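As structure tokens, the structure follows; a few thoughts come after it.
The values are calculated or read from the model by the stated rules, or taken from the named source; none is laboratory data. Only a predicted model underlies this, so the values are computations on that prediction, with no experimental measurement involved. As a convention, Cβ positions derive from the backbone with ideal geometry for all residues, glycine included, and neighbour counts pool all protein chains shown. Note: areas computed on protein heavy atoms with side chains; ligands, DNA, RNA excluded. Shrake-Rupley method; radii C 1.70, N 1.55, O 1.52, S 1.80 Å.
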Amino acid sequence: MSKILVLNTGLNGEQSNSTKFTQMYLDVRKSSGLVDEVTVRDLNDEQLPHLSAQEMQAWMTPAEQQTPQQQQLAKLSDELIDELMAHDIIVIGMPMYNLGVPSTFKAYIDRIARAGKTFSYTENGPQGLVNNTKVVVLAARGGMYQGTPMDTQTGFIKGIYGLMGISEVDFIYAEGLNMGEEIAEKAWVAANEQLEQTV
């Protein structure tokens with residue numbers, strides 16, 4: 001049994017193509033006979049605030065010296081990191097907004113990519129502290145961006161999870177979803193086939 005953390009980041013909830021994509025992933029695993037323990041976190045519903053100097057300072061203050069306010073500020077990041085560490089597979093439903101990741105996902109990343117918790121600085125550079133975890137990114141896009149300079153997501157996501165020690169970051173793309181029904185249908189069929197080959 002795998003413990004799966006699903007991160008949905010689309011603005012339109014269950015109607016978001018990226019959210020439909022994560023459900024496809026879970027459905028394919030289930031139909032393949034896999035039994036998983038699944039946690040779903042909808043980052044759009046949660047609306048994490050942008051990272052502030054006060055919150056970062058709270059992380060850098062030893063626990064025994066934190067004020068009650070700092071304890072509360074640090075608690076959010078601590079809980080998100082504990083959740084990350086407790087799962088084997090991280091599945092991300094990833095739309096593309098203005099050629100980048102959703103701001104809600106960036107706010108989430110800013111709280112889990114944390115020195116001393118998920119990576120450490122060494123004389124040889126950063127060392128990841130997250131082990132035995134893989135990431136599956138289900139990228140649902142209105143246009144065609146894979147392999148082009150406008151695909152800023154792939155490098156960023158591989159890089160930031162790599163910083164934390166996660167080297168297995170797989171992407172499955174469903175592109176051209178806003179380029180007409182025929183293209184969209186072919187994209188979903190191809191994505192589903194790839195899911196069946198990879199789960």
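Selection within segment 144-165: residues that are open to solvent by 80 Å² or more (accessible area, probe 1.4 Å) and in contact (Cβ under 8 Å) with a residue 24 or more places away in the chain. The member of this set that is farthest from residue 119 (Cα to Cα) is 144. Within segment 132-143, the residues that satisfy the criterion of being open to solvent by less than 60 Å² (accessible area, probe 1.4 Å) and either under 21 Å from residue 23 (Cβ atoms) or modelled with pLDDT under 95 (or both) are 134, 135, 136, 137, 138, 139, 140, 141, 142. If we scan segment 114-122, do we find a residue that is in contact with a strand residue (DSSP E or B) (Cβ under 9 Å, 6 or more places away or on another chain), within 24 Å of residue 3 (Cβ to Cβ) and not charged (D, E, K, R)? Yes, that holds for at least one residue.
Of everything in segment 117-131 that is at pLDDT 95 or above and open to solvent by 60 Å² or more (accessible area, probe 1.4 Å), the residue that is nearest to residue 59 (Cα to Cα) is 117.
Put simply, of 139, 115 the only residue that is under 26 Å from residue 50 (Cβ atoms) and touching a residue at least 12 places away in the same chain (Cβ under 8 Å) is 139. Whether any residue in segment 53-64 is within 17 Å of the chain's Cα centre (by Cα) and either outside any helix (DSSP H, G or I) or closer than 17 Å to residue 118 by Cα (or both) is what I want to check. So far as segment 53-64 goes, no, none of its residues is within 17 Å of the chain's Cα centre (by Cα) and either outside any helix (DSSP H, G or I) or closer than 17 Å to residue 118 by Cα (or both).
Take the residues in segment 96-115 that are touching a helix residue (DSSP H, G or I) at 6+ places or on another chain (Cβ under 8 Å) and either basic (Lys, Arg) or farther than 15 Å from residue 8 by Cα (or both); name whichever of them is surrounded by the most Cβ atoms within 10 Å (Cβ to Cβ). The residue in question is 111. The single condition from (1) open to solvent by 40 Å² or more (accessible area, probe 1.4 Å); (2) not in a loop (DSSP other than H, G, I, E, B) that residue 50 fails is (2). Filtered by the rule that a residue be polar (S, T, N, Q) and open to solvent by less than 60 Å² (accessible area, probe 1.4 Å), segment 166-199 gives a lone residue, 192.
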